[in-house]
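Right, one structure below, let's go through it.
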Amino acid sequence: MNLQEQKEQLREKLFPLIEREGYVVFGFNLFYAAGGLNLKILVDFKEGGISLEECASLNRKIYLYLEENNLLKEEYNLEVSSPGIMKKYTHPRDLIRVKGRQIWVKVEGEGEIKEYQGRCLGVEDNSILKLEADRTQLRIPLDSIREAKEKI
């Protein structure tokens, strides 16, 4: 089984386990680095706020599941973590996760690029970012967003 097939098999087995625990998967990668196999999974709650202890607990559950079901036939490193505040937001669920927090957005439209900073009010119809910037509520089409990150 090649690496891509292994990754798909793990995705099919692990996503339901992770979702049953109440988390959303924001990133999933199986790759070779530093001479070994690595499985990296980024998780959070739909509305954000996962703690280090919750990541560690889920890491243990996933590790036990992998071992009990002998899903990886070689030694591996497992990392379960939060997408973190430096993650670029690329999907509506990313912006839903940071609702109520300060974000920075780069928008392209009508031949120009604009940058906004403000409080994320949420996502409407999976297509519009609602942002409060300088006491004004903006509605930004998601397909015009070139980059977005949470502000510290």
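The values are calculated or read from the model by the stated rules, or taken from the named source; none is laboratory data. All of these numbers come straight from a predicted model, not from anything done at the bench. Every residue, glycine among them, receives a Cβ derived from its backbone with ideal geometry; neighbour counts consider all protein chains shown.
Some observations on this one:
- Test for Lys40: is it at pLDDT below 90, within 30 Å of Leu10 (Cα to Cα), part of a strand (DSSP E or B) and out of contact with any helix residue (DSSP H, G or I) (no Cβ under 8 Å at 6 or more places or on another chain): no
- In region 19-64, of all residues being without any contact (Cβ under 8 Å) to a residue 12 or more places away in the chain and basic (Lys, Arg), the one that is surrounded by the fewest Cβ atoms within 10 Å (Cβ to Cβ) corresponds to Arg20.
- Counting residues in region 79-99 that are more than 29 Å from Ile145 (Cα to Cα) and in a strand (DSSP E or B) gives one or more.
- Looking only at region 1-26, residues that are over 17 Å from Ser51 (Cα atoms) and not in a helix (DSSP H, G or I) come to 2 in all.
Yes/no matrix, rows are residues, columns are (1) under 19 Å from the mean Cα position of the chain (by Cα); (2) surrounded by 18 or more Cβ atoms within 10 Å (Cβ to Cβ); (3) modelled with pLDDT under 95:
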site	(1), (2), (3)
Gly84	yes, no, yes
Lys87	yes, yes, yes
Arg97	yes, yes, yes
Gln102	yes, no, yes
Gly118	no, yes, yes
Asp134	no, no, yes
